[in-house]
1. When only Cα pairs under 8 Å and 6 or more residues apart are kept, what is the percent relative contact order across the chain?
2. Rounded to the nearest 500, what is the 222 nm mean residue ellipticity of the chain from helices alone, with -39500 (n - 2.57) per DSSP H run of 4+ residues and division by all residues?
3. If you line up the long axis of helix 356-365 against the longest principal axis of the chain, both from Cα atoms, how many degrees apart are they, to the nearest 10?
4. With a ≥ b ≥ c taken as the square roots of the eigenvalues of the C-alpha gyration tensor of the range 376-509, please select rounded if a/c is under 1.5 and otherwise prolate if a/b is larger than b/c or oblate if it is not?
5. Measure out, as a whole number of angstrom, how far apart the alpha-carbon centroids of the range 94-168 and the range 183-200 sit.
6. At most 15 other Cβ atoms within 10 Å and a DSSP loop assignment: could you name the GluC sites (Glu not before Pro) in the range 401-509 that fit?
7. Write down Rg/Rh for the range 241-335, rounded to two decimals, with Rg from the C-alpha atoms and Rh from the Kirkwood relation over Cα pairs.
8. For the range 269-310 and the range 212-250, compute the distance between their C-alpha centroids and round to whole Å.
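The values are calculated or read from the model by the stated rules, or taken from the named source; none is laboratory data. Since we're looking at a predicted model, the values are computed, not measured. When we count neighbours, we look across all protein chains shown, and the Cβ atoms used for this are built from the backbone with ideal geometry, even at glycine. Calculation scope for accessible area: heavy atoms of the full protein, side chains included, ligands and nucleic acids excluded. Shrake-Rupley method; radii C 1.70, N 1.55, O 1.52, S 1.80 Å.
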Amino acid sequence: MGMSGFWKKARAKWNAIMAVILLSGQLLAAAGTGWLPAARAEGSGFTVVREDGFPVAPGVYHRAMTLEGGGHIEAVNMMEIDPANPVIRLAVTSPKGKVVALDTVRNQAKLIDREGYRVVGAFNMDFYNTDPAFAGIPTGLQITDGELITAPLSTRSALAIMPDGSFTIKKNIAFSGTVAVADSGASRSLTGVNRARTGGSPANHFILYTDKFSDTTRSVGDGVEVVLAPAEPGTRLTLDNPIRAQVESVAETNNDPIPAGKFVLSATGANVDWVNANLAPGTLVDIRVQLDNGLNGAQHAVSGGVVLVENGAATPEALADNVDRHPRTFVAAKAGKLYVVTFDGRQPTYSDGVTLAEGALYLQSLGMESAINVDGGGSTTYAARVPGDVTISVLNRPSDGYERAVSNSLMVVSTAPVTELYALVPAPKGPVAVLTGSEVRFSAKGHDVSYNGVPVDPASLIWEADPAIGTIAGDGRFVAASAPATGNVTVRSGSVFAQVAVTVVDRIA
């Protein structure tokens, strides 16, 4: 078989598989309650009063809901992600590729988004340092593409993605690291990687910096800083992997530059004496960093705060926090699938926000096996690819009134190839109620079998309307009939078509 014949058969097989997935997603959306029955909210104190949803990518589904309970109203967005799907990837990003930085979730998505590697979902993650000198440093650990980006000595909770795409949620993660002199074996324990070295307590810093931190160490106060050059240029800081490096310089300074591809060791207090006694230009050292809880093999990781659900039950710590009501972002797991859930808040009549106790009970009612709380408030951001689009859009309403610049983010990526037009997405999608004699402007976008946006020439679209409901022009301008009726507006592009249910009414409620 020639290569062209091979690819035609391969594409046909791919499209057939995706068609089944697409149909499943459409049936779920049409069911009105999505992939988690509304009844599962029982026991949480909330009732689902409105919901909608759509497939985002193969194995990825978006659901939007309005909940009511306890005199409160909540606008909730939830994404279900199946990391076992062969075209789905999970990744953790840094703002502008640095630790000491802030940027919006969508701008962080742009850093990795490209053809064949499309970001289809993106969310804010870890809490972060707000001191202007260190703004953006995550509270806990972060791993990106197998490289340790930042780590304190301990982290309350974390989501970790393994090389095979599977994920795990862990709590109480401990970091350990050493710098050992190759000849003598003398060693010293690190107090963190890419952390803030301030002039206050604790006084005994021994921090390793990489060029992912910032242009300089930003350290303050008395201390010593050592520039280390990896024996193998381009070496990244990876877990449980000894790295040989040579001392280039030792200086009693602070805020030193971090040369590209090199490390800087920053010491204060008693650690200064150890550096002066053991390190000098030319000295060879071995660097080793590790995490417990089986996370040394993680490809990506991002940390959070309170553990909300453990072994299927809301935790005592979460249930004790039932006072502060805010917008929230949660990360949860159930049956091998990952869920990101956001509650908007601080917006009366639209969404009030929840306490951690309410959020934990809601996730428990959905059958989540584990869940953690990540940064919320004005940081809560839920972005997803809308059917027919190429890039993501923010689907929640951040409480600041705009998309806040945040620390690291979680990305959901689809590697599905773009194929031919498979479905049209009309707007408005319906059902639509139209007053007799009034006008509605319809439009349509398109996507392939994997929900990748496919350009549609508006001039090529053919619009039709059932005669009983009115007329529609070639540009999608619909004029309703003069009497009540029901029917459909149909849009076509070649053999692909979609319909919108329309009801013409003669009175407005």
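1. Working: 1372 pairs, mean separation 87.5, N = 509.
Over the chain, the number comes to 17 percent.
2. Working: 5 runs with 59 residues, N = 509.
-3500 deg cm²/dmol, from helical runs alone.
3. Orientation of helix 356-365: about 60 degrees from the principal axis.
4. On the way: a/c = 3.38, a/b = 1.53, b/c = 2.21.
Since a/c reaches 1.5 but b/c is at least a/b, the shape of the range 376-509 is classed as oblate.
5. 23
6. Working: sites: E403, E420, E439, E464; in loops: E403, E420.
Sites meeting the loop and neighbour criteria: E420.
7. On the way: Rg = 21.4 Å, Rh = 18.4 Å.
Radius of gyration relative to Kirkwood radius: 1.16.
8. Taking the Cα centre of each part, the range 269-310 and the range 212-250 sit 12 Å apart.
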